[in-house]
Amino acid sequence: MSTPTDNTRIVAVTAHDLPLACPRPDSPLWARHPRVFLDVLKHAEATCPYCGTQYRFTGEKPKGHH
């Protein structure tokens with residue numbers, strides 16, 4: 001993963017937020033881009049290829065299928 005810069009958004013997500021897609025539903029209209037699904041369970045973090053937002057999984061991983 002790349003090193004975060006001062007303008008990098010870092011968002012903590014939990015099992016409740018899965019499946020994870022960027023942009024998030026609460027994102028302002030000006031910050032919207034094509035929807036992309038990100039896998040934060042495999043490496044505990046993922047970076048959106050469009051906006052560079054980093055998502056970090058926190059808490060207990062879900063059990064079974066999601």
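The values are calculated or read from the model by the stated rules, or taken from the named source; none is laboratory data. As the structure is a prediction and not an experimental result, all values here were calculated from the model. Glycine also receives a Cβ, built like all others from the backbone with ideal geometry; neighbour counts cover every protein chain displayed.
Note down all Cβ pairs under 6 Å where the first residue falls in the stretch 12-31 and is touching a residue at least 40 places away in the same chain (Cβ under 8 Å), the second is in a strand (DSSP E or B) and not aromatic (Phe, Trp, Tyr), and they're at least six residues apart or on different chains.
Qualifying pairs under 6 Å: 12/56; 13/20.
Quick grid of which residues meet (1) modelled with pLDDT of 95 or more; (2) aliphatic (A, V, I, L, M); (3) surrounded by 12 or more Cβ atoms within 10 Å (Cβ to Cβ):
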site	(1), (2), (3)
13	yes, yes, yes
30	no, no, no
40	yes, yes, yes
44	no, yes, yes
47	yes, no, yes
50	yes, no, yes
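Residues in the stretch 45-55: is at least one without any contact (Cβ under 8 Å) to a residue 12 or more places away in the chain and either under 15 Å from residue 11 (Cβ atoms) or assigned to a strand (DSSP E or B) (or both)?
no
Filter the stretch 56-66 down to residues that are of a type in the set (Lys, Arg), surrounded by 11 or more Cβ atoms within 10 Å (Cβ to Cβ) and part of a loop (DSSP other than H, G, I, E, B), then give me how many there are.
1
For residues that are in a loop (DSSP other than H, G, I, E, B) and either over 23 Å from residue 64 (Cα atoms) or touching a helix residue (DSSP H, G or I) at 6+ places or on another chain (Cβ under 8 Å) (or both), tally how many sit in the stretch 7-39.
The number of residues fulfilling the criteria is 13.
Please enumerate the residues belonging to the stretch 32-66 that are of a type in the set (D, E, K, R) and in contact with a Lys or Arg (Cβ under 7 Å, 6 or more places away or on another chain).
Within the stretch 32-66, just 45 meets the criteria.
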